[in-house]
Amino acid sequence: MKKLLLTLLGTIALTSTANAVEPITADFSTWETTTISTTETTATVDGVKYGFLGANINKGYNDAPNYLFIQGKKQKEPKAYVTFTLPFDCSKIVLTTTAGNSTNVEFTFSVPSENASAGTVYKIQTATTKYNQQIASIKFYPVTNDPSLEADTKELAFAVGMNGKQTKTVKLLAANLTDVITVSSTSNITTEKASYTVEEASEGIDITFTGNKGSEGESNSTITFSCNGITAEVSVTAYTASASGETETDPLTVSDVLAMNSINGNVFYVKGVIGDKGCKNALNGMVTEADAPSASNLIFKEGEKMIGVGLSIAETKAELNIVDNPQNIGREVIVKGNLENYFGGPGVKQTEFVKYLSEPVSGIEEVGADENAPVEY
């Protein structure tokens, strides 16, 4: 999934009309594939008025459905955007993103009451000048008098070392509730309090996952928020490594880095065996080998498993790169760095050399040790 970079802005309310009974969905898969010029253009569909700047209706990969593609990279100031104006008072907006035929992801935005009136102009704008703002649909929900409770995300993913912690925030969208919102979950998922007011929950509830001893590997659980007989659930997937990754004596393995899948970008110690090739773009979630060694990156191996290791820090690059140090091929080494995607797969960036765990492979170091040594064929 390509990263979604959006801001949702409500402008001054204009007029108020009667609420619609049903939500309205802008399903861009049904819109005609077209190029919208960099000069703002407008369209009205199902009573919703749209304005476009630097946005296309594009065909997805492999004949996947169309999507709205906001082309921020071609814009200077202002950045690319789409605006919309609704015919009813709006309570929330749900964006469904897509990247070709990847799994769709929903983002829910609660509309403040002061910006909820019909006629308000809303803007979805690229947060940077980059591409990747791909929207499959936008669903607009009218204001109602019914009690409701919903989380701004339906899924949370955590990845930690043993006894490590990771915290993420969930905002609750609530309306017409009269009681506090309670939280229930498994023992390794905690919140600061057991219950929150509607106002507190709308600002965000911090959810902390702890990698307890005995919970190594993958786990699945559910967080349940409840109020006035209504519940909202968030599914949790988590990975706990058998090592902490916090010290050089307890480093993560290549398998751990792959399983953690760049979900936790913090600094960890990692060990691996240096391969004889540089990195190439990932396939099936794992970096692949280039045709030749590289001076700017390494591959750490563990059997058939591989991760990419960036060498952007000068001292580490000079010490480890296999173009200048071919004797490092096959050596086990410990590094420290951020767990981030590299060449499209889990890897290590901002890498710092820590120590070798094995000596140079026999025969490789000696070849360059004596310039006058005889050559054997």
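The values are calculated or read from the model by the stated rules, or taken from the named source; none is laboratory data. No experiment lies behind these values; they were computed from the predicted model shown. No Cβ is skipped: glycine too gets one built from the backbone with ideal geometry, and neighbour counts run over all protein chains shown. Only protein heavy atoms, including side chains, enter the accessible area calculation; ligands, DNA and RNA are left aside. Shrake-Rupley method; radii C 1.70, N 1.55, O 1.52, S 1.80 Å.
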query = Per residue, how much accessible area does region 218-320 show when a 1.4 Å probe rolls over the protein heavy atoms, in square angstrom?
reply = 45 Å²
key: Those residues of region 164-185 whose amide nitrogen sits under 16 Å from the label point placed on SER195, 7 Å along Cα→Cβ   = 177-185
note = Here region 249-263 yields Karplus 3J(HN,Hα) values (6.51, -1.76, 1.60; θ = phi - 60°; whole Hz; Gly and Pro given as x) of 7, 9, x, 6, 9, 4, 4, 4, 4, 5, 5, 6, 6, 6, 6
remark   = For region 103-247 (alpha-carbon point model, no solvent) the Debye-based log₁₀ I(q)/I(0) at q = 0.13, 0.17 Å⁻¹ works out to -0.72, -1.05
ask   = Cβ under 13 Å from ALA290's Cβ, ALA290 left aside: what net charge do those residues give with Lys, Arg +1 and Asp, Glu -1?
value = -1
note = 1/(1 + (r/R0)^6) with r = Cβ-Cβ of ASP276 and THR34, R0 = 45 Å, i.e. FRET efficiency to nearest 0.05, evaluates to 0.35
query = What full-extension length gain, to one decimal in nm, is calculated for ASP27 and THR167 as 0.36 nm per residue of separation minus the Cα-Cα distance?
reply = 47.0 nm
request  = Would you mind checking LYS168/LYS355; LYS171/LYS193; LYS123/LYS193; LYS271/LYS305 for any pair whose Cα atoms are more than 23 angstrom apart?
outcome  = LYS168/LYS355; LYS123/LYS193
task = Could you order peptides 79-88, 206-215 by the average number of other Cβ atoms within 10 Å of their residues, highest first?
result = 79-88, 206-215
